[in-house]
Structures are given as C-alpha cells and as structure tokens.
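The values are calculated or read from the model by the stated rules, or taken from the named source; none is laboratory data. What you see is a predicted model, and the numbers here were worked out from it, not measured in a lab. A quick note on method: Cβ atoms are made from the backbone with ideal geometry, for glycine too, and the neighbour counts reach across all protein chains shown. All accessible areas refer to the heavy atoms of the entire protein, side chains included, with ligands and DNA or RNA removed. Shrake-Rupley method; radii C 1.70, N 1.55, O 1.52, S 1.80 Å.
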Amino acid sequence: MRNDKTGKLIDVRSDTVTRPSAAMRAAMAAAEVGDDVYGDDPTVNRLQERAAELFGHEAALFAPSGTQSNLIALLAHCQRGDEYLVGQDAHTYKYEAGGGAVLGSIQPQPIAHQADGSLALADIERAIKPDDFHFARSHLLALENTFGGRVLRPAYMEAATGLAHRRGLATHLDGARICNAAVKLGISPREAAKGFDSVSVCLSKGLGAPVGSVLCGSRAFIRQALRWRKMLGGGMRQAGILAAAGLYALEHNIARLADDHENAARLARGLSDIAQLKVTAPETNMVFADIEAEQCLSLENALGRRGILAQVDPHMRIVLHLDVSRTDVDRIIAAFKEFFAA
Ligand SMILES: *Cc1c(COP(=O)(O)O)cnc(C)c1O
C-alpha cells in the first residue's frame with residue numbers, strides 16, 4: 001500500500017512504527033559490544049548510565065520491551081500476595097496480558113480514571129487496604145504518563161506519590177512516553193519522573209529506536225530487577241547493537257518530540273473543520289477523533305488508497321512521530337476532507 005505520487009506510506013497507527021534513521025543505523029553498526037549477561041557490553045552499560053542520569057535514578061537496566069520492563073518492576077517491587085493500585089485503562093493493567101497476576105501472583109487493584117487521565121487521590125486513598133489478613137497487601141502505586149496522549153501535571157504526580165509513600169506504598173511510573181510529557185511541560189525528563197521509586201521508559205516509541213526500554217531505580221532495586229530480567233528471558237548477549245540505537249535516541253530524539261506535538265496540533269486544527277468528526281485538542285503526539293461507526297471501514301479504505309495507514313474505529317487515534325512530516329500531515333487532512341466531502 002504505497003502512495004502513487006511519492007511512494008511514501010504514512011503510517012499513523014502508532015509511534016512504535018518508526019524506523020531507525022540512517023544515522024541511528026550507523027551508530028548501531030559502529031557499536032562496541034560484549035556479552036551483556038556478563039555485564040561486558042560497554043554500549044549497554046553506557047545506555048544504562050545515561051538513562052539513570054537522565055531520569056534521575058542511581059541505576060538502570062536495558063530491557064527488550066516496555067511490557068517486560070514494567071513486569072520486571074512489578075516483580076521487583078511486589079511479593080506474591082501483594083497488590084498494585086493501577087488505572088483501569090493503564091497499560092500495566094489492561095495491555096500487558098495480566099503478567100503481574102499470571103507470573104507474579106500480584107493482584108491488580110484497578111481504579112477508574114478521571115477525565116484528565118489521573119486517578120483521584122481520594123480513590124487511591126480508599127483503595128489502600130488496612131493490614132488485615134482478609135486483604136491482599138497494598139504495596140505499589142503504578143501511574144502512567146503520558147496517558148492516552150495526555151500529560152499528568154507535576155503537582156498531581158507529587159501529591160499522588162507523596163500519598164503513596166506516606167501510606168507505605170512504593171511507586172512505579174510507566175513512563176513509556178515520559179519524554180513527550182517532559183517536552184510538553186518544558187521540564188527535564190528527570191523532573192517529569194520525580195517522586196517515583198522506579199520508571200520505565202520506551203526507547204522504541206516516539207524516540208525512534210527499533211527495540212527496547214530502560215527501567216530506572218535505586219541500585220538495590222536494579223540488582224533485583226536484573227535477576228527478574230534473567231528469569232523472564234530478557235538477558236541479551238551482544239545487545240550493544242540495540243543499546244546504541246537507544247543511546248542515539250536519548251541524545252538526538254527527545255527535543256524533536258516538540259515537532260510531533262506541533263504536527264498533532266496542526267492535524268487537529270485541520271480535522272476540526274470537518275462537521276462529521278469530533279476532534280479532541282491534543283496535548284502531545286496523539287489526536288483522537290470520534291467518527292460514526294458505519295463510516296469507519298470506508299474511511300480506513302479511503303485513507304489506505306491514498307497511502308495513509310490508519311486504524312479507524314469510532315474513537316480513532318492518530319499518532320504523530322518522526323516519520324510523519326508536516327507535509328504528510330497536510331496530506332492526511334486533505335484525504336479526510338476529500339472523504340467527508342464525497
Ligand atoms: C507501548 C507501551 C508499553 C509497552 O511497550 P512495549 O515495548 O510495546 O512492550 C507500556 N506502557 C505504555 C503506556 C505503552 O504505550
């Protein structure tokens with residue numbers, strides 16, 4: 001499915017579809033490597049040091065995916081019979097195949113989201129169970145930022161992590177897109193991840209690396225995480241080839257996330273002219289549009305014929321990333337307008 005005129009496919013299904021750039025590939029090809037299970041890979045070690053510093057922790061661990069990185073965090077924080085408080089629609093609860101429960105015997109305690117994506121402090125407070133043998137032991141609060149493209153504010157994060165810590169809970173941040181939040185807020189990634197005992201960051205989303213996440217925390221936490229990663233089969237050998245892409249992403253692709261946010265705003269403005277769509281103003285790199293269910297399939301096909309790969313459903317998500325240019329955004333807007341004018 002290629003656009004006839006330019007031959008370029010515009011893929012807006014997710015920011016996971018980004019391909020490594022020529023410069024990133026060059027960094028990968030040139031990477032110094034060793035056996036990382038022995039701790040011998042200098043590029044992995046450099047990535048972990050850089051990530052720890054960037055996200056404000058003592059240490060970090062390179063993991064093959066965000067799902068594994070979050071699962072390692074759950075396993076390292078919680079014991080069998082503990083529970084973690086988590087958003088009803090959070091990735092760590094809903095989109096990771098129940099790994100914490102299946103592999104860790106850790107019970108999730110899901111909490112409904114507020115309109116802004118946060119979990120109300122009163123709901124968190126209410127969900128924390130007293131020390132009573134009838135109950136699972138409430139042990140961890142897991143939050144996600146950005147959540148559905150929305151940014152949780154530092155004041156909220158401080159209040160939520162403060163509450164958790166006061167009540168004796170540990171805190172984990174699924175910061176798959178924490179750099180988008182930081183760029184949007186105009187603060188450092190370290191500042192955006194503040195207050196959490198651990199943070200997981202995806203290198204393979206808007207940051208543009210082909211594979212990988214980093215889990216950051218205290219030295220003692222990462223020591224435990226290393227054992228869990230090994231058990232889950234995440235110990236990789238000459239992983240410096242992949243870590244080089246992650247390092248490149250952290251060095252070159254954070255500030256440019258602002259371009260994706262600008263493109264998302266441009267797209268939302270363009271689409272808001274269309275009467276048949278209800279478009280939500282984006283905060284970062286995701287645009288959401290409500291569409292009549294009967295039109296979804298024909299719209300998806302019409303976009304496909306114009307070289308635009310999108311997943312169209314009644315609450316459609318369009319994701320901007322480094323392989324979608326401003327010109328591409330204008331082509332997407334034109335394709336939508338053509339479809340709805342017909
Ligand atoms: C993508 C994502 C993950 C998991 O990342 P994978 O590398 O796809 O396993 C975790 N949390 C959030 C919020 C994500 O968007």
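The sole residue among Glu262, Glu300, Glu292 that is acidic (Asp, Glu) and surrounded by 16 or more Cβ atoms within 10 Å (Cβ to Cβ) is Glu300.
Please verify whether region 13-31 includes one or more residues that are polar (S, T, N, Q), under 30 Å from His134 (Cα atoms) and either in a loop (DSSP other than H, G, I, E, B) or within 16 Å of the ligand (Cβ to nearest atom) (or both). Looking through region 13-31, none of the residues is polar (S, T, N, Q), under 30 Å from His134 (Cα atoms) and either in a loop (DSSP other than H, G, I, E, B) or within 16 Å of the ligand (Cβ to nearest atom) (or both). Just one residue in the set Ala164, Ala159, Ala170, Ala176 is farther than 23 Å from Val214 by Cβ and at pLDDT 95 or above; that residue is Ala159.
So that you can scan it fast, the table gives a plain yes or no per residue for (1) assigned to a loop (DSSP other than H, G, I, E, B); (2) of a type in the set (D, E, K, R); (3) within 22 Å of the chain's Cα centre (by Cα):
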| position | (1), (2), (3) |
| --- | --- |
| Asp273 | yes, yes, no |
| Gln276 | yes, no, no |
| Ala302 | no, no, no |
| Arg317 | no, yes, yes |
| Asp323 | yes, yes, yes |
| Asp328 | no, yes, no |
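Limited to region 199-225, what total is found for residues that are among the hydrophobic types (A, V, I, L, M, F, W, C), within 16 Å of Leu71 (Cα to Cα) and more than 12 Å from the ligand (Cβ to nearest atom)? Residues meeting the conditions: 4. Summed over region 210-252, the residues that are open to solvent by 70 Å² or more (accessible area, probe 1.4 Å) and of a type in the set (S, T, N, Q) give a count of 2.
Of all the criteria given as (1) within 10 Å of the ligand (Cβ to nearest atom); (2) aliphatic (A, V, I, L, M); (3) in contact with a Cys (Cβ under 6 Å, 6 or more places away or on another chain), the one not satisfied by Ala60 is (1).
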